[in-house]
Amino acid sequence: MDRETVSCPACGFSRDMPAGTIPDGAQVTCPRCRDTFMFARGAAAEADPVPTIASPQGPEAAVAAPAAPPTACPRTLRFSFTGAAREYFGIWIVNTLLKILTLGVYSAWAKVRKRRYLYGNTMLHGAPFDYLANPRVLFRGWLIGVLAFLLYTLGTNYSPTLSFVIGALFFAAVPWLVVRSRLFNLRNTSYRNLRFTFRADYRQAYLVYGLLSLLVPLTLGLLYPYAAYRRKRFLVENSAYGTTSFSFTATTRDFYLLYLKAVAGFVAIVIVAVPFLFLAGGAFLPAGTGGPWRLAAVLPAFLIPLAYLYFVIYISTNETNLVWSGTQVAGARFTCSLRARHMAWLYLSNAVAIFLTLGLMIPWATVRVLRYRMENLTVLATGDLEEFAAAPTEEVTATGEEIGDIFGIDVAL
């Protein structure tokens, strides 16, 4: 029986097996290092012949040369953000002034300028990303979005029926808007001159963003972690770099554990704070008690909303870690290690700085957050990033992107 050798590119482990046992292109898990790789029969066949060293005693005395060591070792590739607050401030202030002077008409050009700067300073292994959208295409989508927004606003003042119809159409179109927005942004994002893309699966979009979202309140929120899991999985698994699709390995159990920890922590703080709230009302303080004791009793009243905000950030941060760390593309696996307390400090200090400067510190705050996010995102790659193949490109309208932007739809990971 013919046999063939299956070799792990990560650790070099190999095993002879009957030919045809493993289909060409199948994902194989190495029994030694547990790394997963794609079996390519053509590549294995080329690697099978063992080079020999010529012997002066003739071909009968030729001996096999030692096998070359495996070259596909896992490498850690780091993201970074190289933008500076001063540079971004110049772009931001010009964009803001031109949007005001043109009553928003400049929004499309402002968005492209902003994203080209932010993407161009986002680096992976020393190479930048690029944003390739045409402002004119964005402007056409912006016009449609503004028209829909004006009709809705006029309807709320003069025609409740018109407002209801526009609102109903918008909610019915949310899954479509999510797909079109994601499709437009990925098609116009490139890395090493290779574009990303997104598979427009509208049936899944209406299941995830429509049906599951409607069922969440009917289950008193118990379905929310599952709905969040399905939304992230939908966005990741339908995305691709060139022709190579991303895969998603996070599970429903991971999402439920995350939300359970957050809810348990918040409930524990509420249980501790409630007795002090009674004290604040004077229920347990002796008559005539005042001063520092009254002030100390009032503090827990601020503790509960602060705890709520912290756990919102906790969920958002750890959900981001969960999604990125569960994302793979071919032999590359992402890891994300954001800390909730660091993100909470960034948001709090940014909010104070923006408030005290009447918004002028927005560029500084944006750069701070992006730099921290990129410093905590890495890729563990076993192959060459140049091996990805380009997908055919076609122009995508920006209607979904602009309407979603105007009405505040966020489809980021």
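The values are calculated or read from the model by the stated rules, or taken from the named source; none is laboratory data. This one's a predicted model, so the numbers in the text were calculated from it and none came from an experiment. Quick note on the areas: whole protein, heavy atoms, side chains included, nothing else; ligands and nucleic acids left out. Shrake-Rupley method; radii C 1.70, N 1.55, O 1.52, S 1.80 Å.
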Those lysines that a straight Cα-Cα span of less than 22 Å connects to residue 114, excepting residues fewer than 8 apart in one chain: 99
Segment 103-166 - percent of accessible surface contributed by carbon and sulfur, probe 1.4 Å: 68 percent
For segment 194-260: Kirkwood Rh in Å [reciprocal of mean 1/r, alpha carbons]: 12.9 Å
Accessible area of segment 112-211 divided out per residue, in Å², using a probe of 1.4 angstrom: 52 Å²
Cross-link partners of residue 261 among lysines (Cα-Cα below 21 Å; sequence separation of 8 or more within a chain): 232
Under-5 Å amide H pairs with residue 75, H placed in peptide plane, nonlocal only: 381, 382
